[in-house]
Amino acid sequence: MQTIAVPYDKSDFAKAALDFAVQIAETQKAKIKLIHVIEYPLATTFNVSGEIESYDPMDKIFTLELINKAKETLNLAIEPYTNRVEIDPVMLMGNPYDGITSEIENVQADLIVMGTKGATGLKELLVGSNTEKIVRNAHCPVLAIHSKCDFKEIKNIIFASDLDGSHGDVLDTFVEYQEMFGAKIHLVWVETPYNSINEDLGKERLETIAKDHALSNYEVHVVKAFKPEDGILSYGWQINADMIAMSTHSHKGLLHLFAGSVAEDVVNHSNLPVWTCSIK
């Protein structure tokens, strides 16, 4: 792992994400790209360094004031960590989601650590959060952080599994994170009324997946719930898990609207860190 991208908006969620990213960067000798986007009514997002062309003097003054405040925000965010890891601040102007995703691709991030307060109700149905959209579209793993947490306390991790092994590459990727945390993986499959199987057979298939991917320090579990996300969250509470990990299919457009995403639902409703990675 070389580069960790951290979107930053000075919220408590973003501060928690930065703190956790620093803890990971220290163990991996990685650098952090701290991305701050100044929301501005523009069709595109662009990098700013303190100067901007404008024909309206008042508009220029207002824009420069925004830039100066953004610089101050980034400097304050970085200050506590200057002696621990390398943090490279990036300041953009425009649409937050477009700016964040563009910069993540530019720096070829290996991991995105992003604070989120989730989304509920009508907002979740119609809009969702920026974190949810990044989880859906990112080309690298995303770690969603809801509150400040200690890297050293991540010892029990739920990995939400299917039974056909379609998430195999994602599981292989996550094993590297398991080793980084020194944690136990709880390989979990959720039986629902619409997807039922004998419990012993379910555990047998999970054991096969674990052996196929050379897992160590793991347990397998079959849990029952009305919906997969409910089972994952409930079991996380039951075993006092420290993190949830899962693959996402990255559905888009109408397919996403009708099929939804279990990973995004878990990100929106969990109070634990949630690691996701697209099977694509």
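The values are calculated or read from the model by the stated rules, or taken from the named source; none is laboratory data. Values in this document were obtained by computation on a predicted structure and should not be read as measured data. Note that we place each Cβ from the backbone using ideal geometry, even for glycine, and neighbour counts take in every protein chain shown.
Just one of the numbered conditions (1) assigned to a helix (DSSP H, G or I); (2) loosely packed, with under 14 Cβ neighbours inside 10 Å is not true of Ile209: (2). Out of Ser247, Ser216, Ser234, report the one residue that is among the polar types (S, T, N, Q), assigned to a strand (DSSP E or B) and either under 26 Å from Thr131 (Cα atoms) or at pLDDT 90 or above (or both). None of the other options fit; the residue is Ser247. I'd like the residue in the stretch 153-175 that is charged (D, E, K, R) and touching a residue at least 24 places away in the same chain (Cβ under 8 Å) and, out of all such residues, is farthest from Glu199 (Cα to Cα). So, considering only residues that are charged (D, E, K, R) and touching a residue at least 24 places away in the same chain (Cβ under 8 Å), the one farthest from Glu199 (Cα to Cα) is Glu153. Whenever a residue of the stretch 88-110 is in the same structural domain as Lys33 (by TED's automatic domain parsing), its partners that are aromatic (Phe, Trp, Tyr), lying with C-beta atoms within less than 8 angstrom and at least six residues away or across chains, give the pairs Leu92/Phe46; Met93/Tyr40; Met93/Phe46; Gly94/Tyr40; Gly94/Phe46.
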